[in-house]
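The values are calculated or read from the model by the stated rules, or taken from the named source; none is laboratory data. What you are looking at is a predicted structure, and each value in this text was computed from that prediction instead of being measured. Reconstructed Cβ throughout: ideal geometry from the backbone, glycine too, with neighbour counts over all protein chains shown. Note: areas computed on protein heavy atoms with side chains; ligands, DNA, RNA excluded. Shrake-Rupley method; radii C 1.70, N 1.55, O 1.52, S 1.80 Å.
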Amino acid sequence: MVWFTEYWTENIGLTIRAKEIKRIKSKYQEILVLDTYEFGKVLVLDGLIQTTEKDEFMYHELLVHPALVSHPNPQKILIIGGGDGGSVKEALKHKHIQEVHLCEIDEEVIITAEKYFPQISSKLKDPRVKIFIEDGNKFLEERESQNHYDVIIIDSSDPISESKVLFQEQFYQKAKNALKENGILVAQTESPILQEEYFKNAVKNIKKVFNHTQVYIGSVPSYPSGTWSYTIASDHIDFTKINPPPDRFEDLNTKYFSDKLYSCLFNIPEFIKKLISEV
Ligand code: SAM
């Protein structure tokens, strides 16, 4: 019997019992694959849970689908981070998508996902997917001002070490420059309960760059506090005024996201609105 604890703060953590733990050391981080009783297989990077077989859909569906249904015709998208493949899997459910670029800094995460998480990584070999093993910030620098993408999805780890740059204003500006005119950016923006400063900082920086910014909230039991935030932004799309047609929600085969959920997505709790008003 092996117990693994992820420390959410100095004072609280999540402890999971595992049948087995595999350790892989990459150039960038320590990768663990836990085989657990409650969450199925769990991917951990430098001590922090990234995804689990049990609740990955809760995170990946909410990160990906709101942006893709909000865009009138998303054909070419970029995912930064997301080496486990969960965001790619959800994105390819949309029939408009012709090309997905995945920019992941650590090739070992992709290799591990393909070996131990075949369902989550199932679409990484789809012919519409092109994988770039690069730092997301540098990748965007090379593609600035090129009006490349309809949607950019930031599926990063917490803002520490290699991921830190993915939460900065200059990075969001580069992402905006790489978007087409009607483009949309969406980013995971941490727990508004246990990572208040990370959350506020990310929202503040996105707001500085885009005309329209909306925060929404979802549940992910294996992430700190279980309550997770996402921030969606665009210069030309006011998310509170659009009404995507019903066919955009068809055949997505989702377990969390739906047209009904989307219709009230931006109705967020008052205490989180207050945090946003402080940024
Ligand atoms: N959903 C997860 C979470 O919130 O915990 C994130 C999952 S995904 C596995 C995060 C990925 O971002 C990791 O595989 C990590 O290697 C990658 N990453 C970190 N910094 C990066 C950077 N600067 N450029 C590209 N990918 C990066």
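Please go through the range 119-130 and give me each residue that is in contact (Cβ under 8 Å) with a residue 60 or more places away in the chain and open to solvent by 20 Å² or more (accessible area, probe 1.4 Å), ordered by number. The one that is in contact (Cβ under 8 Å) with a residue 60 or more places away in the chain and open to solvent by 20 Å² or more (accessible area, probe 1.4 Å): Gln119.
If you go through the range 136-176 and keep only what is of a type in the set (A, V, I, L, M, F, W, C) and open to solvent by less than 30 Å² (accessible area, probe 1.4 Å), you end up with Phe139, Leu140, Val151, Ile152, Ile153, Ile154, Leu166, Phe167, Phe171, Ala175.
Which one is farthest from the ligand (Cβ to nearest atom) among residues in the range 25-35 that are touching a residue at least 60 places away in the same chain (Cβ under 8 Å) and open to solvent by less than 40 Å² (accessible area, probe 1.4 Å)?
In the first step, residues of the range 25-35 are kept if they are touching a residue at least 60 places away in the same chain (Cβ under 8 Å); the result is 26-29, 31, 33.
Those still in the list that are open to solvent by less than 40 Å² (accessible area, probe 1.4 Å) too: 26, 29, 31, 33.
Values: Ser26: 8, Gln29: 7, Ile31: 9, Val33: 12 Å.
Going through the qualifying residues, I end up with Val33.
Every listed requirement among (1) modelled with pLDDT of 95 or more; (2) within 23 Å of Pro72 (Cα to Cα) is met by Gln146 save one, (1). Checked against (1) open to solvent by less than 10 Å² (accessible area, probe 1.4 Å); (2) assigned by TED's automatic domain parsing to the domain that holds Asp247; (3) of a type in the set (A, V, I, L, M); (4) out of contact with any Lys or Arg (no Cβ under 9 Å at 6 or more places or on another chain), Ile133 passes all but condition (1). Glu20 falls short on exactly one of the conditions (1) part of a strand (DSSP E or B); (2) crowded, with 22+ Cβ neighbours inside 10 Å, and that condition is (2). Would a scan of the range 231-244 turn up a residue that is in a helix (DSSP H, G or I), over 21 Å from Ser156 (Cβ atoms), out of contact with any strand residue (DSSP E or B) (no Cβ under 9 Å at 6 or more places or on another chain) and open to solvent by 40 Å² or more (accessible area, probe 1.4 Å)? No: the range 231-244 contains no residue that is in a helix (DSSP H, G or I), over 21 Å from Ser156 (Cβ atoms), out of contact with any strand residue (DSSP E or B) (no Cβ under 9 Å at 6 or more places or on another chain) and open to solvent by 40 Å² or more (accessible area, probe 1.4 Å).
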